[in-house]
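Quick notes on the structure that follows.
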Amino acid sequence: MVQTDNRLFTDKQNLTCPLKYCNNKILFVLFVFTLNNIALAQTKKINIVNADELSFDKTKVDAQKLIGHVILEHSGAIMYCDSAYLYTKINSFTAYSKVKILQGDSLEVFGDTLFYKGDEKTANIIGNVIFKEKDLTLNSSNIFYQLSTNIASYNNGATIVSSANNNTLSSKSGRYNSNIETLFFKDSVILSNPNYTMKADTLVYRVSDEVAIFHGNSKIISKETEIKCSNGWYDTKNEKSSFWNKAIIKSEREILSGDSIFYDKENGFGEAFGNIKLFDSLNNMIIYGGYGYYNELKDSTYIDNKPILQQRYDDDTLYISADKFINITDSNNLHFLRAYNNVKFYKQGLVGICDSISYVQKDSTMELFNNPILWNDESQISGEYMELKLWEGKLKQLNVNVNSFIISKKDSINFNQISGNDLIGIFTNNSLDTIKISGNINTIYYISNSESEPASDFNKSSSEKLIITLDSNKIKQLQYIDQIKSSMSPIENSKIENRKLDAFNWQISKKPEIEFFIRRKAKKEL
């Protein structure tokens, strides 16, 4: 006789415990059943659309062997091959020979072998892989394609060709996101077309607008230029680009560098920002500045933000500073450098200031405008307009037009002075050798018995022409010609204002020193 345990009915606590346990178990079973239904609903099985033969391979567990004109379908993707093994339990298959995947309206993938996982919607294609979408064709030995996200990736090298613009891209590893039509490349990246070749460590290429964004050491090479930088972007369709982090543009005769550079090849202009440096190899000249603009069509360059020019010769260097520089080429293919506002210049034997300069690089002729002042060792020369001629970096001739004035210091308060209309100075080894002055000449010249003794008298003379011979930049002889007038007076019986010609203006405090140019250049090189 079966004994009944009355405690199950008399003890309230024991009565409720088994019921609670049963309810929880039922809920758990229902939860698992629901999850299975959801999973089954979300997981689509691989369907056999066609095969010439179907059999079961006993050597492979749960494998259906498909042979001849095999067509499989999964989640809207159609897959073709010559033969395949279909694993229904794990919802996957392996396809062999003449593999082809079609997805959507425009995506095609070809290869030798395909490993496909239906639950994960991933395709691993191996051997002679061709991935096509619209105008894009990717070739590789192996591609991994995620059908649910439309992302294809590779790690064994690939080449991508865009038929729309003749761009060809290659790299060791990369990824293509079909949803946003963007390619991600890494390691030994090369982008090329008939007009240029780009090399980079890392590159992102947007198919929609044909823009390449690159990182790491990058280089763009064309017939006309070579560009180097660490970061930037290039609009391959509109031929616009921006480079930063040690950006450099090289052409046949010039090298431009800066913190960042923008270049518009289609419209023929470029801009450089921050610590720019323009090197002209033809004239061995460097211009430093803070901002630069280059017009390729007019072959002209504009540089401002405290620019400074440095031109090297065999044994000397010419420095020019100004508020801005403009380098242009005229219709005769002559190159002109023009400096504007607060111009200062320095070279061996010659220092000066003026409002603006025009420098013809072919014959090394400098034009100085708006009351320039020169200092040649101990002499100050001024006028309304000047022209300096150089040859192989050495001073050859100086022309001063209108109100020419020469001042040289005799002692702490007295100055030798020469004024006239026009002046021609001849240089030997960067030192004035001969000076010819014409028109309305007036001179004051101090006389002493010896160089060691102070001047005791001064001579005032006038004429229409004057030839001055110098030795080591010191006056050796004065030759007055036509309408000569002359008088000698002792210094002690004259007032100092009577010993100064009209327009006398000693401006030695404005004379630039070499340290000014070195400091300014050093700041631009930081």
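Some notes on this structure:
- Each residue of the range 284-300 was assigned a 3J(HN,Hα) from its phi angle through the Karplus expression (A = 6.51, B = -1.76, C = 1.60, θ = phi - 60°), giving 6, 10, 10, 10, 9, x, x, 8, x, 10, 10, 9, 5, 5, 9, 6, 10 Hz with x at Gly and Pro.
- Protection proxy ranking of 114-127, 322-335 - average other beta-carbon atoms within 10 Å, highest first: 114-127, 322-335
- Sequence-distant residues sharing a close amide H with E384 (under 5 Å, placed H): N401
- 0 to 90° range, to nearest 10: angle between helix 514-525 axis and the chain longest Cα axis: 10
- Sorted by Cβ neighbour density within 10 Å, fewest at the top, the residues H69, H74: H69, H74
- Hydrodynamic analysis of the range 45-138 uses the Kirkwood radius over alpha carbon pairs. Inserted into Stokes-Einstein at 20 °C and 1.002 mPa s, it gives a translational diffusion coefficient of 161 µm²/s.
- The distance between label points at D52 and N156 comes to 2.8 nm (points 7 Å beyond Cα on the Cα→Cβ vector).
- For Q397, the amide hydrogen comes within under 5 Å of the amide hydrogens of K389, F427, counting only partners 5 or more places away or on other chains and with H modelled in the peptide plane.
- Cα centroid separation, the range 365-419 to the range 202-233 (Å): 51
- The distance linking the range 114-178 with the range 456-526 is 81 Å (Cα centroid to Cα centroid, whole angstrom).
- Fewest neighbouring Cβ atoms within 10 Å first, the residues V204, V99 line up as V204, V99.
- Calculated on the alpha-carbon coordinates, the convex hull of the range 116-224 measures out at 96 cubic angstrom per residue.
- Here, P(r) means the percent of Cα pairs in each 10 Å bin from 0 to the largest distance; for the range 433-515 it is 15, 38, 39, 8, 1.
- Of F279, F345, the sequence from fewest to most neighbouring Cβ atoms within 10 angstrom is F279, F345.
- On Cα atoms only, tilt of 12-42 relative to the major axis of the chain in degrees: 60
- With K and R counted +1 and D and E -1, the other residues having a Cβ less than 9 Å from that of L398 yield a net charge of +1.
- Here the 3J(HN,Hα) profile of the range 477-492, calculated from phi with Karplus coefficients 6.51, -1.76 and 1.60 at θ = phi - 60°, is 8, 10, 10, 8, 9, 6, 6, 7, 10, 8, 8, 10, 9, x, 5, 5 Hz, Gly and Pro shown as x.
- Only one of (1) 49.5; (2) 25.8; (3) 38.6 was calculated from the structure for mean projected area of the Cα convex hull in nm², and its label is (1).
- Distance in nm between pseudo-label sites at D411 and I518 (7 Å out along the Cβ direction from Cα): 3.4
- Centre separation in Å (Cα based) which lies between the range 303-321 and the range 52-94: 76
- Computed Kirkwood radius, in angstrom, where 1/r is averaged over Cα pairs of the range 351-487: 15.5
- Residue by residue, the range 79-91 carries 3J(HN,Hα) couplings of 10, 10, 5, 7, 8, 7, 10, 9, 9, 5, 5, 9, 6 Hz when phi is fed to the Karplus relation 6.51 cos²θ - 1.76 cosθ + 1.60 (θ = phi - 60°); x denotes Gly or Pro.
- Kirkwood-type radius of the range 358-439, with distances r between different C-alpha atoms, in Å: 13.1
- For the peptides 389-395, 448-454, residues were scored by their other Cβ atoms within 10 Å and the scores averaged per peptide; the highest-first order is 389-395, 448-454.
Rule-based calculations on the coordinates, nothing more; no lab input. Predicted, not measured: the structure shown is a model, and the values here were computed from it. Glycine also receives a Cβ, built like all others from the backbone with ideal geometry; neighbour counts cover every protein chain displayed.
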